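Worksheet for the structure shown next.
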Amino acid sequence: MAVIYEIKERRVIPNWRDFKRTLQLGELSQSNKSAEPIILNIDRSIEDWKQGKNIGTAADLINSAFVSGIQSSEVKQAIEFIKSDQQKASSSLLDLIKLIELDSPTPPVISNNSLLEIDVDTVNEFQSFINNKSFHKVINKTKNRTKNELRNPIIWVELARLYTMRGHEHKAENAILTALHIAPNNRFVLRSATRFFIHKEKFDKALFYLRKAEGLKDDPWLISAHIATSSIMGRFSPLIKEGKRLLDSNNFSDYELTELSSSLGTLEFKDGSFKKAKGFFEKSMKMPNDNSLAQLEWVSKDEQRFQINPFQFDKVINPFEARALELYERGNWKDAFYNSIKWFLDMPFSKRPALLGSYIAGSLLNDKKAAIILCQVGLQANPYDPTLLNNLVYNLATSDNQQMLDAYVPQMMEIDINGLPNESKVTFQATLGLVSLKRGDTELGMKMYKVAIQNATNIRNDYLKNLAIANFAMELINLNSPEQMIYIDLVRNMKIPEKHKDLQQLQSEILKKINTQAKN
């Protein structure tokens, strides 16, 4: 059975974007009380271009378009103007044009009748990510830039990020270590490195390089990263006191302190101090970013005294994680799916958006093609991840794609199930039960499902137990098994909490199927 990946304890670890977007978000500003995300536009450059079309105004417009990420018909005109007489253009300007054109691929068609076709903008961006040929060009271009700019740490960080998206762990680590060697005190480099090392579960390395940074104790963005990383490891960060000092210093804007406030609030929340946690979280919401907003959204699902509506924070850029989780909680599957896709495109090395999106698509919206594609691209950055493999195999089995199923089941079987968390063992056993049933081994399939149900009972996870029962019941109905009524009755008598709308929908579908069969 497919599942979403629910982290038991979310931390405010740094998000890792390219330098251009990080700069736009205002996360690299230096102690500016009025600091906030930079809302860029190219209106002035467009107007200058219209007033006088020459190489100077064209170059200015192209540069503005690259930094802002904004495209327009005027930008295309300026590019064509430069390309019509390339001898007068500098090599750097021509390189910039190539980068812009790489970011603007030809609109594709992914698959017929798929959720991934509905939102054209999302499709275009998603296809540009999964297009290996296009992505390979970007990697090669970035590698060439490192050769020409050996001492530029930003290019090395970007190369590490690209390698991470494709699961090339060793190449990515070499690139990030090079950046750290060149600029060991640079905030962008340090926060990017922290996220990379956490992604690879090398937490000690993350702390090692943070501790070495000269400006650590006076930088709220770095202190927050240190506190979050220490918390993941179950350690007490010695910088908590320094963090509180910065909050009281009146030297930083609310935006610069949002992640630090959220990290401190999370610590107090974990320690059971609602009042102190509330104070820190309220401060983090004065001018939140996407990370602190998602953190409070996660906390609010665990503690209902924290009430938050992420849609009220319309100035937050890239609020996709918080919105995807909120919409999922509300049972708005389609919008939750689209926000999961946008979250994935914003953080393409993270498995969480791929898992949430694939679960919604395959289990709740019955779009197996979209679910399979999401699992596959998620596995590019997270090869052999057990939960992604589980969800992929589940969706392949329920879509009767035997050829692809035969390719991925062996990978799943290579994973040592005894080394998995108890919750993952349950989902693995249920999915392997499904595969056995689809292959005609009814005895083994039923045995695996029953083992999964018993293990979910043993760990007192009612959600997983009911999910396994419901999935098993659906397969027994499809097989017209004599045992189906036992599990249909269990499904009918389930008392499902309001927050598990996915399980409510599955219960409804099973009972509707039984009623339809009875009428026939």
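General observations
- Hits in segment 337-367 - residues which are surrounded by fewer than 23 Cβ atoms within 10 Å (Cβ to Cβ) and within 19 Å of residue 500 (Cβ to Cβ): 352, 364, 365, 366
Table: residues versus (1) touching a helix residue (DSSP H, G or I) at 6+ places or on another chain (Cβ under 6 Å); (2) part of a helix (DSSP H, G or I); (3) within 19 Å of residue 238 (Cβ to Cβ); (4) of a type in the set (A, V, I, L, M, F, W, C).
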{"position": "162", "(1), (2), (3), (4)": "yes, yes, no, yes"}
{"position": "176", "(1), (2), (3), (4)": "yes, yes, no, yes"}
{"position": "209", "(1), (2), (3), (4)": "yes, yes, yes, no"}
{"position": "222", "(1), (2), (3), (4)": "yes, yes, yes, yes"}
{"position": "226", "(1), (2), (3), (4)": "yes, yes, yes, no"}
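- For segment 143-154, the count of residues that are open to solvent by 20 Å² or more (accessible area, probe 1.4 Å), in a helix (DSSP H, G or I), modelled with pLDDT under 65 and hydrophobic (A, V, I, L, M, F, W, C) is zero.
- Among (1) surrounded by fewer than 24 Cβ atoms within 10 Å (Cβ to Cβ); (2) in a helix (DSSP H, G or I); (3) over 16 Å from the mean Cα position of the chain (by Cα); (4) among the polar types (S, T, N, Q), the one test that residue 395 misses: (1)
- Residue pairs whose Cβ atoms lie under 7 Å apart, separated by 6 or more positions or on different chains, with the first residue in segment 473-499 and hydrophobic (A, V, I, L, M, F, W, C) and the second part of a loop (DSSP other than H, G, I, E, B) and surrounded by 11 or more Cβ atoms within 10 Å (Cβ to Cβ), are 476/483.
- A Cβ distance below 8 Å, combined with a sequence gap of six or more or placement on separate chains, defines the contacts here; from segment 208-224, residues that are within 15 Å of residue 27 (Cα to Cα) reach residues that are aromatic (Phe, Trp, Tyr) and open to solvent by 10 Å² or more (accessible area, probe 1.4 Å) in the pairs 220/252.
- Of everything listed in (1) farther than 30 Å from residue 279 by Cα; (2) in contact (Cβ under 8 Å) with a residue 40 or more places away in the chain, the single unmet condition for residue 315 is (1).
- Segment 177-205, subset over 23 Å from residue 29 (Cβ atoms) and of a type outside the set (D, E, K, R), residue surrounded by the fewest Cβ atoms within 10 Å (Cβ to Cβ): 181
- Going through (1) open to solvent by 50 Å² or more (accessible area, probe 1.4 Å); (2) under 17 Å from residue 12 (Cα atoms) one by one, residue 170 falls short only on (2).
- Subset tally (residues that are part of a loop (DSSP other than H, G, I, E, B), of a type in the set (Asp, Glu), modelled with pLDDT of 65 or more and over 26 Å from residue 196 (Cβ atoms)) for segment 1-44: 0
- Of the helices (runs of 4 or more DSSP H) lying entirely inside segment 405-520, those carrying at least 3 residues that are in contact with an Asp or Glu (Cβ under 9 Å, 6 or more places away or on another chain) and open to solvent by less than 40 Å² (accessible area, probe 1.4 Å) are 422-438, 442-458, 462-479.
The values are calculated or read from the model by the stated rules, or taken from the named source; none is laboratory data. Note that the structure is a prediction, hence the values are computed from the model and not measured. When we count neighbours, we look across all protein chains shown, and the Cβ atoms used for this are built from the backbone with ideal geometry, even at glycine. With ligands, DNA and RNA removed, areas are computed over all heavy atoms of the protein, side chains included. Shrake-Rupley method; radii C 1.70, N 1.55, O 1.52, S 1.80 Å.
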